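Visitor: The structure's right below; bear with me while I get my questions together.
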Amino acid sequence: MPETIERPRPPAPPSGGGSDGPREPKVEKPNTEDLLNRMRKVDPDQAKRYRQRTGE
Amino acid sequence: MKVGRSASRRITGLETEYGCLVQPSNGGIPLVQQIRDWIFDQQRYGWIDLHERDWEEPPGNGGFLFNGGRVYIDMGHIEYCTPECARVADVVAYDRAGDRLLLQAIKALGLATRAQFFRNNIDHRTGATFGCHENYSLLRKAPLSEENVLSLLAFLTLRLLFTGSGRVGLGGHRPGPSSAGEQREAKDRVEFQISQRADFIENDFYEWVQHNRAIINTRDEPLADPLTYRRLHLLHGDTNVLPSALYLKVGATRLVLDLLEMDALPRVVLADAVRTLRDMSHQPSPPWRVRLVDGTEADAVELLSAFRRHAEIHLRGRDAETDAILDLWKRVEAGLAEDLGSLVGWVDWVTKYQLLDSFRVSEGLTWSDPWMEAQDLEYHHLDPERSLGLAMAQWEGPWAADLGSPAPLSEPPSDTRAKVRSALMARMSNGAASYEIDWHFIRLDEQQLFHLPDPFETRVPES
């Protein structure tokens, strides 16, 4: 079976990527207003009250 | 040229440690113990251990389930192990059965207002981590040459691009030399990263799981016939929320192990796998350039593509599940290369980033706001009514086929030794005064000993 034909990709940028720090991913914003409303009800201190031991 | 077309014969099992948030109690039995006791009370879902187990696990700490899996308490966590699964779809269904067991227990015990459980790997406040360990059977005769092992290491590092669950911030032990100033600078820069676990991985190869965690755990503990099998034990992966992400993580890894056993892996050797894992995680946007051992650099997506293309050549067409994995892998690879937005609902870190960044912008927050960590946690909530991740999941695909079935809660897979274990446990209900259960043997009443060295054996022995 022949290898699957790959879609062309843009040329790679100059080497050393990452040295200028992470950039914002180019991701379209979701149309998720209901979900955002749900998120507004999340306790802002939830992570503070989350306690674990190392586990494993 | 195809060198093999037979269906994959590989056992896979997952061990999930659940994060939990518990309101302070006024003494009494710790909540995780209440949940464990509910699961085993009157053999509701399994039998509690009567004997001490390996690694100093005391009697009564946990037990085996009628679905062939296991529940126990590990370092204060509830931990659930799936039964041995031969199909990737079963891995997903039985993994989700663990969530459903916990949710049932929480509801039955009236604990919903006191406790919340999460499918995640980090405590943002204390820097603690807990894992989702993967286990894959591997033939003892697999050609573990240096080239093959380093290629496997490269895949296990690079797969982070589709296995990462995403996290807000930075944490854990940071490998490699770095000054305090560099660490402060990194903390300022890393607002969101691809992986929950990457910051906690310090070695490429090591045998322990609680310190010096490695990408490949070298402990040789097959829990099966040691002349036939090894067990590859991985602890560097994140706990996935999206069923499609879990399906791809397990499915692609199994295909790569198939290639390894066929001596058909592409030759990819990273200069520094641990640093690559961390650096990729800290950069949630393409391109991901990684350094190879020969001093050159390459694109991580293209390197991953080499593994997929080898799987296409050698494994495409062997069975429906293999083809489904390859189709999903190709789709995700294209998204990583060209359109991250197309991966929302398919890949956890992309989905989480999109959702959390939308919330951040709408509320005018910075990534360092504690509310962002709270949203990170909410993404992983066990309750489907709360989980932000499950709200975004793609449900069309083989990964979702059995998620609603009641069977995985109490019935084993039909094609592995879990079926034998479950049947023997059912036999115990007829009055065994004592018993000892483990993955590879069962002893009843001190007189009957059943060895289970073949994880694919499904015939139930006579008494």
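Visitor: Based on alpha-carbon atoms only, what is the radius of gyration of the protein assembly as shown relative to the globular estimate 2.2 N^0.38 Å?
Guide: 0.95
Visitor: Another one. Counting other C-beta atoms within 10 Å, and keeping those with at most 15, which DSSP coil chymotrypsin sites (Phe, Trp or Tyr not before Pro) do you find in the stretch B:375-418? Provide the component values of the computation, followed by the final result.
Guide: On the way: sites: B:Y379, B:W395, B:W399; in loops: B:W395.
Sparse-neighbourhood loop chymotrypsin sites (Phe, Trp or Tyr not before Pro): B:W395.
Visitor: Put +1 on the Cβ of each Lys and Arg and -1 on the Cβ of each Asp and Glu in the protein assembly as shown; which of B:L242, B:F155, B:I201 then has its Cα farthest toward the positive end of the dipole?
Guide: Toward the positive end, the furthest listed residue is B:L242.
Visitor: If you count, for each residue, the other Cβ atoms within 10 Å and average over each peptide, how do B:125-131, B:29-35 line up from highest to lowest? Show your work: numbers first, answer last.
Guide: Working: B:125-131: 20.9, B:29-35: 16.6.
Listed from highest to lowest mean packing, they are B:125-131, B:29-35.
Visitor: Under 12 Å from a point placed 7 Å out from the Cα of B:D54 along the Cα-to-Cβ direction: which residues of the stretch B:409-449 have their backbone N that close?
Guide: Residues B:438-441 fall inside that zone.
Visitor: Rank-order B:53-59, B:217-223, B:302-308, B:94-100 by packing density, defined as the average count of other C-beta atoms within 10 Å over each peptide's residues, highest first. Don't skip to the answer; put the middle values down first.
Guide: Values: B:53-59: 10.9, B:217-223: 16.0, B:302-308: 21.4, B:94-100: 24.1.
Order by mean packing, descending: B:94-100, B:302-308, B:217-223, B:53-59.
Visitor: Further question on the same structure: Quick one: which residues, 5+ away or cross-chain, put their amide H under 5 Å from the amide H of B:G19? H built at 1.01 Å from N.
Guide: Amide H to amide H, under 5 Å and 5 or more residues apart or across chains, B:G19 pairs with B:F118, B:N120.
Visitor: Under a crude label model (7 Å from the Cα following the beta-carbon direction), how far is B:V361 from B:E462 in nanometres?
Guide: 7.1
Visitor: From other protein chains only, count the Cβ atoms within 10 Å of every residue's Cβ in B:372-382, then give the mean.
Guide: Details: counts 2, 6, 10, 6, 2, 6, 7, 1, 0, 2, 0.
What the average comes to for B:372-382 is 4.
Visitor: Follow-up question, since we're still on this one. What whole-number volume per residue, in cubic angstrom, does the convex hull of the C-alpha atoms of the stretch B:380-463 give?
Guide: On the way: hull volume 11.9 nm³, N = 84.
It comes to 141 Å³ per residue, whole-number rounded.
Visitor: Now, a different point. Can you divide the C-alpha Rg of the stretch B:342-396 by 2.2 N^0.38 Å and report the result to two decimal places?
Guide: Details: Rg = 11.2 Å, N = 55, 2.2 N^0.38 = 10.1 Å.
Working it through for the stretch B:342-396, the quotient is 1.11.
Visitor: Also, I was wondering about something else. So if the hydrodynamic radius of the stretch B:141-379 is defined as the Kirkwood radius over C-alpha pairs, what does Stokes-Einstein give as its diffusion coefficient at 37 °C and 0.692 mPa s, in µm² per second? Before the final figure, lay out the partial values.
Guide: On the way: Rh = 18.6 Å.
Estimated via Stokes-Einstein, D reaches 176 µm²/s.
Visitor: Okay, moving on. Spin-label point model (7 Å from Cα, Cβ direction): what's the B:T218 to B:W395 distance in nm?
Guide: 4.7
Visitor: To continue, here is another question. How many partner chain Cβ atoms sit within 10 Å of a residue's Cβ in peptide B:282-289, on average, as a whole number?
Guide: On the way: counts 3, 7, 5, 8, 8, 7, 2, 8.
Across B:282-289, the average partner-chain Cβ count within 10 Å equals 6.
Visitor: Hey, any idea what the orientation-averaged projected area of the convex hull of the stretch B:270-357's Cα atoms comes to, in nm²?
Guide: Values: hull surface 26.5 nm².
Average projection, Cα convex hull of the stretch B:270-357: 6.6 nm².
Visitor: Follow-up question, since we're still on this one. Measure out, as a whole number of angstrom, how far apart the alpha-carbon centroids of the stretch B:432-463 and the stretch B:224-261 sit.
Guide: Each part's Cα centre sits 26 Å from the other's.
Visitor: Regarding the stretch B:214-258, what is the average projected area of its C-alpha convex hull, in nm²? Before the final figure, lay out the partial values.
Guide: Values: hull surface 15.4 nm².
Its Cα hull, projected and averaged over all orientations, spans 3.8 nm².
Visitor: List the trypsin sites (Lys or Arg not before Pro) within the stretch B:236-284 that fall in a DSSP loop (any state other than H, G, I, E or B) and whose Cβ has at most 15 other Cβ atoms within 10 Å. Intermediate values should be presented prior to the final figure.
Guide: On the way: sites: B:K249, B:R254, B:R267, B:R275, B:R278; in loops: B:R267.
Counting only loop positions with at most 15 other Cβ atoms within 10 Å, the trypsin sites (Lys or Arg not before Pro) in the stretch B:236-284 are B:R267.
Visitor: Quote the charge dipole size of the protein assembly as shown about the Cα centre in Debye, to the nearest 20; the model charges only the Cβ of Lys and Arg (+1) and of Asp and Glu (-1). Numbers along the way, then the final one.
Guide: Values: 62 positive and 78 negative charges, 98 e Å.
Using only the charged Cβ atoms, the result is roughly 460 debye.
Visitor: Right, something else. Grab the DSSP H runs of chain B that are 4 residues or longer, score each as -39,500 (n - 2.57), total them, divide by all residues and round the 222 nm result to the nearest 500 deg cm²/dmol. Walk me through the numbers on the way to the answer.
Guide: Working: 14 runs with 166 residues, N = 463.
Only helices count here, giving -11000 deg cm²/dmol.
Visitor: Per-residue Cβ counts within 10 Å, from other chains only, averaged over B:258-266: what number is that? Mind showing how you got there, number by number?
Guide: Numbers: counts 0, 0, 0, 0, 0, 0, 0, 0, 0.
Averaged over the peptide's residues, the number is 0.
Just so you know, all these numbers are worked out from the coordinates, no wet-lab data involved. Note that the structure is predicted; figures quoted are calculated from it, not measured. In this analysis, Cβ positions are derived from the backbone assuming ideal geometry, glycine residues included, and neighbour counts consider all displayed protein chains.
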